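Any read-out appearing in this document is the output of simple, stated calculations on the displayed coordinates, not a laboratory observation. Note that this is a predicted model, so its numbers are computed, not measured. Cβ coordinates were reconstructed from backbone atoms using ideal geometry, including for glycine residues, and neighbour counts include every protein chain displayed.
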Amino acid sequence: MSKYNPSKIEKKWQNFWETNKTFSSKINKNFKKYYVLEMFPYPSGDIHMGHVRNYTLGDLVARYKRARGYNVLHPMGWDSFGLPAENAAISNNVHPKTWTEKNIKNMKTQLKKMGLSYDWSKELSTCDSEYYKHEQKIFIEFYKKGLAYQKETIVNWDPVEQTVLANEQVIDGRGWRSDAIIEKKKMKGWFLKITDFAEELLEDLNSLKNWPEKVKLMQKNWIGKSFGAYVDFNINKINEKVTVFSTRPDTLFGASFIALSPEHKLVDKLKKDYPEINKEINKLNLKNTNEQNIDKIEKIGIKIPLKASHPFLKNKLIPIFIANFVLADYGTGAVFGCPAHDQRDFDFAKKYNLEIIEVVSNEKNHVRKNKLESAYTENGYLVNSDFLNGLTIEKAKEVSIKELEKLNLGSRTINYRLKDWGVSRQRYWGCPIPIIYCDKCGPQTVPEKDLPVKLPDKIDLKKSGNPLLNQSDWINVKCPKCLQSAKRESDTFDTFFESSWYFARFTDPNFNDAINKNNSDYWLPVDQYIGGIEHAVLHLLYSRFFIKAMNKLNLINLNEPFKSLQTQGMVCHQTYKNSRNEWMFPKDVIKINDKFFTIDKKDEVSSGRIEKMSKSKKNVIDPNTIVDTFGSDTARFFILSDSPPQRDMEWTDEGVEGASRFLNKVWQLLINDDYKDIPYKKINYNTDHDFNIFLCTYKTIKNVTQAIDNFHFNIAIANIRTLFNELNFYKSLTNNNKIILKFCISNFLIILNPICPHICEEAWEMLGNKKSISDAPWPKVDLKYLNDNYITLPIQINGKRRAEIKISKSLSTKEVKNLALNHQNIIKFLTETPKKVIYIPHKIINIVL
RNA sequence: GCGAGCGUGGCGGAAUAGGUAGACGCACUGGACUUAAAAUCCAGUGACCAUAUUGGUCGUGGGGGUUCAAGUCCCCCCGCUCGUACCA
């Protein structure tokens, strides 16, 4: 009796798939296509459990769809530009390229050991100039069509990574990767006009029926559309005006101050005329260098010696402040304050003793009784507002805007929170921006014949500042226009640039243009995209924008890249600390009688919270160890079995062992009997047991199919286990029928195959099949068994289950009711005549007393 | 603050469209095998009561409601998690 030996059979079948090119994909218009994609990894060195979960989910879908008869594209590649390569270069003295390539090689080996059904012939790596040269062309196209431009703005500067970050990459005032406090800095950089697509990006969220609502909501909030008005306030003494954005133009009569952000352009001018402002303004800028309590910062302002005139009240002059709570890059960077109806303005007015004029009240004929305790922000009617009096807020907004337009002092507008995407990064290990600066001719795009602009191999990363800037032999070039000395752009692209279109490149990764439309038209959109929720706004919004922009430039025929999206939860593990309060690796901890000890048993270990696996807390399990010990089928089975994909899961030793035990039992089910000579065919049942095993097989096929279609893989596994238990039971019977057994086991293997492909291939072969199980079609349900004539019907009395009867479905309502009322367990409850008897055919019967 | 999601045994989690709550697994308990242990196999396992049964009561965060029937629908409250935040 041979033992289940995963390492042997897994290697065997991985080689088989590779030599037979089982998963290579070709366009075939006779079949419906299905494009499954998991977010490609950054090649950091080794795969981790998050990868294992992500790629197992994708592989299950890919193999399942293949069995369902789809022509499947399932590619994999490498998001290989990025800062860790530079950091590694500095600390280990290896070139980023060498480091990256080594990691790719290593991770590819690890992925192959998992037996994932990738079409490796489609592999791509974004740091390859064969990939990024197309990116440079796309950028030039964008530039020519006005979708890429250069400007000087205040940017988010990450002092640790020494680079600029996009708004999306700043989280709680910190760098999304470095966690460093972000500083504000004025710099010149390249931007992509994502704001041109704000409305489309928002509107088309509605078409993404198979995206999680949560992700769509996050994008919606990020885009942040709001309706309102621009209002001009003329300033006395000088010939200037301040334009503010307001969503509440109805409250204009309650305006009691104007507040400018410290970065407002009028402030620059004021600094010259009133030097004393300079000193004060530094107090406001505290915000940018302040530690954590950014959100708790006190609202402060500087009153300037100018006043603004009210657009509706010619004689009314309103004080102007420079205030730290006004955002420079939202709206116009200036607001009018209406303290009675906005809490921030209310607090500010209290502090600086400004007027508080109520202009909205919940009663039409408002008489002020008490002083306001806080801002009134509810619905109501306009008061103290001249021609707006008595109107609802909605109506007053309309009328107010009309009046502003009539006076030429404002207009209706729509404002978005979304800003243009800053793509310049002051890094080496990224795609060079194909621009040459000439003193005479200005910025010039690199001519197509000179593309790609390759990164120089020689680089000194140890000097501070932008590494490419210091690389004189690379940076100095001739201007393509006048041929005089010029300099290359030394910034490289944000690495989200690469991931914004890689999924389209996968459809023909070696094509001589960016996109082979013949292929992309067939394969795109991605039918199922799977990855982490952390990319809800970053990568997923950029990609949607990129495709819309490329579509507009006729580079691709596509409006939305990802038809269906699934976001997976995190892989968590218990944390451990030793008596010195140091984190412990789980592999160095043993459990004895509910207590934990170090592996040498000398020190007691305390167990902490179950948290996301992270290197810093050491609660990591190395997938390679798991695959080597238990096999990849076990790892795949366990990672899918316990929790629904969207939710966080806990990795436990017991869980893995349970999965391993199951696969061993599957092996035992087959190994002791030789099925090779038993014919594979469907025959009719003779005994109740025969019937039951057929019924269970078909029920399972039905349930598993439904569960996989709904992405409920843990339920699929529960059903598969139930069938397995029944198969084991049937096999143990003395009067079992080997032909029926072989038939049911075969079906069992086909539905298990997307989860545990190696053991299923091996078992399939043991059953005597000549062709691979990967080519076996998904089984069909025989409805004859599911629509069986006999069912068990529960009988309730007043909604409580009291008995059950086995009945034929063909019985009439009257007959069923009679049977129920005369059931021995029921009779004793019938102390009175039932008021009602409700029979829901084939489901339940309820007797109401 | 705002927004979203969740709350079911000791644990992870099931429960089409309102119709037998706790599938499947983990852990645990008992038994078989063994000199013993591990592994494996068999059985049990929501709580409580009980005449120990093929009996009963309670039970899906708490309170109320709709219904013949509520984990599921409606209202109020509590707790947890995630996202987001001076957005004018």
At 0.890 mPa s and 25 °C, Stokes diffusion of region A:573-672 via Kirkwood alpha-carbon radius, µm² per second: 165 µm²/s
What does the charge count around residue A:772 come to, taking other residues whose C-beta lies under 14 Å from its C-beta (Lys +1, Arg +1, Asp -1, Glu -1)? +1
Taking 1 over the mean of 1/r across every pair of different Cα atoms in region A:789-848, what Kirkwood radius in Å do you get? 11.3 Å
Going fewest to most other Cβ atoms within 10 Å around each Cβ, A:572, A:760 line up as A:572, A:760
Between region A:464-500 and region A:763-814, how far is it from one alpha carbon centroid to the other, in angstrom? 68 Å
Where Lys and Arg each count +1 and Asp and Glu each count -1, what net charge lies around residue A:783 among other residues with Cβ under 12 Å from its Cβ? +2
Relative contact order (percent) for chain A, with alpha-carbon contacts under 8 angstrom and 6 or more residues of separation? 13 percent
Kirkwood Rh in Å, taken over region A:154-224 so that all alpha-carbon pairs contribute: 13.9 Å
Quick check of the Kirkwood formula: for region A:679-777, what is the inverse mean of 1/r over all pairs of different Cα atoms, in Å? 13.8 Å
Among A:336, A:724, which comes first, second and so on when ranked by fewest other beta-carbon atoms within 10 Å? A:724, A:336
Taking the Cβ of residue A:32 as the center, what net charge do the other residues with Cβ under 11 Å away carry, scoring Lys and Arg +1 and Asp and Glu -1? +3
Going by C-beta contacts inside 10 Å, put A:730, A:149 in order with the fewest on the left. A:149, A:730
Over chain A, what portion of Cα pair distances is larger than 38 Å, expressed as a whole percent? 58 percent
As a percent rounded to 5, the proportion of antiparallel DSSP bridges among beta bridges in chain A is 80 percent
Only helical DSSP H runs with n ≥ 4 go in: add -39500 (n - 2.57) per run for chain A, normalise by residue count and round the 222 nm mean residue ellipticity to 500 deg cm²/dmol. -10500 deg cm²/dmol
